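Report on one structure; see the data block that follows.
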Amino acid sequence: MVDCVHMTFLQEEKDRRQNKSQGGSDDGPARIIEACVMGTVQFRSAVIEAAQRLNSDADSSTSSSEGDEIKFEAIVPQAKPLSPGETLGCTAPSGLAQLDFQDALLSPRERRERKKQAAAAAATGAVDTIPAGSSDSIPRERVMLFLADGRFHLEAAMISNPTLRALRYDPYSKTLTEERYETVKMKRLRREAIMAVRKSLGISDPLKRGGGSVASSVQDGDDIANSVLQPQQQRSSSSRPPSSASRKTMGIILGTLGRQGNPAILSRLRSLLHSRGIQTIIVLLSEIFPKKLEMLSKPTSSGGSGVCAWVQVACPRLSIDWGHYFCVPVLSPFELYVAFGEVENAALWVAEEEKTDETADDLTDQYPMDFYTKSGGPWTNYYDSNTKRKVLSYGV
């Protein structure tokens, strides 16, 4: 992998200098490649080793026989509690384009020492003499280097960091390829699904499109059994007065494949829907097929309207990748919070003005890939209230 990366960027540097020389401009200084090295969990040790090798080559710049020169600096990002460099299809490090790379290169001990020196300098009023890294005159390019035999997990990193260039190395075919993702198209499709749900449920509340905070009106649903097993008459008495959406039914799918489904997330979603006067049905599925949901969504023989939309607590990528193939909208938990205006996020709405090249540096509010991170919202598995929940027995 490291050799492929070296050869690729050396050739690019050679072509760049050749094009500049033909235009009569100066070659300029050598580039520095800031590499964010990630991969799937089975290649975790190789990811760490690749980053170490790239950094060890930083002292002696990589050059070709023609004199082209290039340097590498590498870090291994982490989306806790996952391992360093580990990426899932629904969870990936975010904000890599805005990361202070020079600070990320430091070890935890060096970072603490640097903060102490900066605090001491600020207390004495002295000028901070801590080196800030390399000169700003050296051109830098930040890229993602991904080690995997497929691109499914890489797509999560590209969704979280759409402005960064992504290169994937396949250890079996021993090829390095540049990968792209149609982020604008994806956000347009998900925006249309959210708007379809809002229209079907008769939601007229204005959408919140800025920031990233969660509205305080959302119930935590800490007591899973209290929410899921609560008698129907007790729930109806505590719900809001019936509205135009009360005649609608929305289905909640709890995935049973592996550890995808989380009862705590289901509880919060159910509380949110009931607080809006929307009826719910809960379905447990190991796999979600369009035909199966089509049968469950049809109007009943007794005159019921059927299920107008679904929210699935399994894998968010099911909605992102396949949601537009179902007969009714299938949202992820995050998208349901957006649909009800309970979470402020501009990621799905910026796409209206985005260009297809996606090179804007200010696109900091992106579609979250945080399903298994500790820093996610109430639509994630490690949300704070999950660790404080209680399960009641109801005398069983």
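The values are calculated or read from the model by the stated rules, or taken from the named source; none is laboratory data. Here the structure is a predicted model, which means the values were calculated and not measured. Please note: Cβ atoms are built from the backbone with ideal geometry, for glycine as well, and neighbour counts cover all protein chains shown. These accessible areas exclude ligands, DNA and RNA; they are computed on the full protein's heavy atoms, side chains included. Shrake-Rupley method; radii C 1.70, N 1.55, O 1.52, S 1.80 Å.
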query = Of all residues in the stretch 106-139 being in contact with a helix residue (DSSP H, G or I) (Cβ under 8 Å, 6 or more places away or on another chain) and modelled with pLDDT of 75 or more, which is farthest from LEU176 (Cα to Cα)?
reply = ARG114
request  = Take the residues in the stretch 235-275 that are over 26 Å from CYS90 (Cβ atoms) and of a type in the set (D, E, K, R), then tell me which one is modelled with the highest pLDDT.
outcome  = LYS248
message = What's the total number of residues in the stretch 78-98 that are open to solvent by 40 Å² or more (accessible area, probe 1.4 Å) and among the charged types (D, E, K, R)?
response = 1
query = If you scan the stretch 77-117, which residues turn out to be among the small types (Gly, Ala, Ser) and in a helix (DSSP H, G or I)?
reply = ALA104
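Results for (1) over 15 Å from GLY89 (Cα atoms); (2) buried (at least 17 other Cβ atoms within 10 Å of the Cβ); (3) in contact with a helix residue (DSSP H, G or I) (Cβ under 9 Å, 6 or more places away or on another chain), shown as yes or no for each residue.
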residue	(1), (2), (3)
LEU147	no, yes, yes
GLY150	no, no, no
ALA157	no, yes, no
SER160	no, yes, no
ALA166	yes, yes, yes
PRO171	yes, no, yes
TYR181	no, yes, yes
LYS185	yes, no, no
query = Of the conditions (1) in contact with a Pro (Cβ under 6 Å, 6 or more places away or on another chain); (2) surrounded by fewer than 17 Cβ atoms within 10 Å (Cβ to Cβ), ARG268 fails just one. Which one is it?
reply = (2)
key: Hits in the stretch 303-325 (condition: open to solvent by less than 20 Å² (accessible area, probe 1.4 Å) and in a strand (DSSP E or B))   = VAL307, ALA309, TRP310, VAL311, GLN312, VAL313
